[in-house]
Amino acid sequence: MKLPITEVIENVKDELLCYEGAEQTAERWEKEFLQWVEEHKGKDKDIIVDGGQVSLKIRDEEEIFEIADSYMDALDEGSVKQYWEKF
């Protein structure tokens, strides 16, 4: 399934905001995600550019939860750089 980048951001931020006090974390994830998209557009098969719209190919809705949870884990472990390398 493919989701517009704006929906991916909205959904992942909603998941991140389930964690107490995660407002800044959600904003940080959005900033880093947009940077990742710009750096990988045209290089990553999961980023789809159709006309002027950019989408991300994901397996299913469950992947949104995994994206948020693994980001929180990466923050706890100090491995955010590796998170984006494996994204």
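The values are calculated or read from the model by the stated rules, or taken from the named source; none is laboratory data. Since the model is a prediction, treat every value here as computed from it, not as a measurement. Accessible surface areas use protein heavy atoms only, side chains included; no ligands, DNA or RNA. Shrake-Rupley method; radii C 1.70, N 1.55, O 1.52, S 1.80 Å.
How much of the accessible area of region 1-74, in percent, comes from carbon and sulfur atoms when a 1.4 Å probe is used?
Here it works out to 47 percent.
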Quiz item: Setting aside same-chain residues fewer than 8 positions from K45, which lysines have a Cα under 20 Å from its Cα?
Solution: K2, K57, K86
Quiz item: Relative contact order for the chain: what is it in percent, counting Cα pairs under 8 Å that are at least 6 residues apart?
Solution: 35
Quiz item: How large is the accessible surface per residue of the chain, computed with a 1.4 Å probe and reported in Å² as a whole number?
Solution: 64
Quiz item: Which angle between 0 and 90 degrees, to the nearest 10, do you get for helix 5-16 versus the longest principal axis of the chain when only C-alpha atoms count?
Solution: 10
Quiz item: Among (i) 13.2; (ii) 18.4; (iii) 17.5, which is the computed Kirkwood radius over Cα pairs in Å?
Solution: (i)
